[in-house]
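Reviewing the structure listed below.
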Amino acid sequence: MSEPIRIGLLGRGTVGAAFADLVEQRADAVEEATGRRPEIGGVLTRSDGHAEQIIESSDLVVELMGGTDPARDYVLEALRGGKPVVTANKQLLAQHGDELFDVARDAGVQLRFEAAVAGVIPVIRVIQESFGAAEIEKVFGIVNGTTNFILSEMAASGAAYDDVLTRAQELGYAEADPTEDVNGADAAAKMAILARLAFHTPVSLEEVDYDGIETVQPDDLAYAKELGLSLKLLGVAERRDSGISVRVFPCFLYRGHPLAPIEGPFNAVMVEAPAITEVTMSGPGAGGVETASAVLGDVVSIIAGDAPVHRVGERLEIVRDVPSAFYLHLEVADRPGVLADVAGVLGRNEVSVKSVNQRGLGNDARLVMVMHECLESHFRAAVEEISTLDFLRSPPRSIRVIEEEFV
């Protein structure tokens, strides 16, 4: 019998319970692969256990509590005590990553976090290990399964956002309080982590611009379908000039894009680099067993001794004004000169129109337009000016459009 490796488990909710079960089920396989047998040495719950004792008596700590307080203190205590840590806590990493990585490096121990981004998809391992020497240009994808399910259902059924959100909650795809999912904050935390890894630069959650899906209307999706577009909440981290841009936003994709067919609660992440062109990874983005499997993968890496230490280089400038194409939906009074006035505003702001459709008559008239790529600041200025026109019946609605099709 090999000497066991004792795991201190902080948190036994859905993921924590699934992880404890998985350790028991896969202990023989882990021992065969690594030469060490994992066992849960202590568990901290809301009502039982003492964190300090569990950390002190463990060889390795797994943090599955969620939130940043007291998780941050416990993780720091473990790292400073020379204990490697595995966490699935994206907010902890996005908000306190600099501090945690510095302490881990100083202590010479591993901090692993595969389960914090994209569920069972091994995107962290791919970026850190498989593409560790590549000059990554862009990491982007669908990193929130809740919003992908909602948008997929709205497109398929024509139902309103609130109705589909309720169904997502009933099916367990959305939390009772889904705010961080639907407003983009969850995806923003994940993109901060991916940007840090891909570009070896500190990226805080505050540096990620994000928008959610709460204002998406069924008719936006209906018009998009006619235009050959599908709607996704996309996270993008990319090099721009001498800096990087990190954003989360709803956007339309053309059918030829690899992310367009990703439906339901699935995630997908693409990595682009000159040496590899592009690689797409997809799979379940959430779920207790799936997340627990990613956590156990990190545990195995640490036991086997092949987990890399995260390195950070120079701080890169955050670029916020980047080019994009846009969809624009306007509800207008049906009278002469409306289209000409809108086109005039767009032209003055250096925004050109790719296509335009007019629907309805009288009080039900609508202009649905797709713009060519332009700087976001130019488009936002145009929309602000259009909002003041007297023939507009409601505020303009706009959604970004990704023109790449990879065909």
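A compact table of results
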read-out	value
Residue 381 being out of contact with any His (no Cβ under 6 Å at 6 or more places or on another chain), at pLDDT 95 or above and open to solvent by 30 Å² or more (accessible area, probe 1.4 Å)	yes
Test: residue in region 165-175 that is touching a residue at least 40 places away in the same chain (Cβ under 8 Å) and either over 18 Å from the mean Cα position of the chain (by Cα) or within 30 Å of residue 60 (Cα to Cα) (or both)	no
Whichever residue in region 311-330 is hydrophobic (A, V, I, L, M, F, W, C) and in a loop (DSSP other than H, G, I, E, B) and, among such residues, is farthest from residue 103 (Cα to Cα)	322
Odd one out for residue 47, checked against (1) open to solvent by less than 60 Å² (accessible area, probe 1.4 Å); (2) assigned to a loop (DSSP other than H, G, I, E, B); (3) of a type in the set (Gly, Ala, Ser)	(1)
Members of region 178-208 that are charged (D, E, K, R) and under 12 Å from the mean Cα position of the chain (by Cα)	180, 181, 186, 190
Count of region 64-105 residues which are of a type in the set (Asp, Glu), touching a residue at least 40 places away in the same chain (Cβ under 8 Å) and more than 21 Å from residue 312 (Cα to Cα)	0
Filtered residue count, region 125-154, keeping only those that are surrounded by 21 or more Cβ atoms within 10 Å (Cβ to Cβ), small (Gly, Ala, Ser) and assigned to a helix (DSSP H, G or I)	1
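Rundown of residues vs (1) buried (at least 18 other Cβ atoms within 10 Å of the Cβ); (2) at pLDDT 90 or above, yes/no style:
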position: 262; (1), (2): yes, yes
position: 271; (1), (2): yes, yes
position: 278; (1), (2): no, no
position: 287; (1), (2): yes, no
position: 303; (1), (2): yes, yes
position: 323; (1), (2): no, yes
position: 344; (1), (2): no, yes
position: 350; (1), (2): no, yes
position: 357; (1), (2): no, no
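The values are calculated or read from the model by the stated rules, or taken from the named source; none is laboratory data. Computed from a prediction, not measured in an experiment: that's the story for all the values here. Glycine also receives a Cβ, built like all others from the backbone with ideal geometry; neighbour counts cover every protein chain displayed. Only protein heavy atoms, including side chains, enter the accessible area calculation; ligands, DNA and RNA are left aside. Shrake-Rupley method; radii C 1.70, N 1.55, O 1.52, S 1.80 Å.
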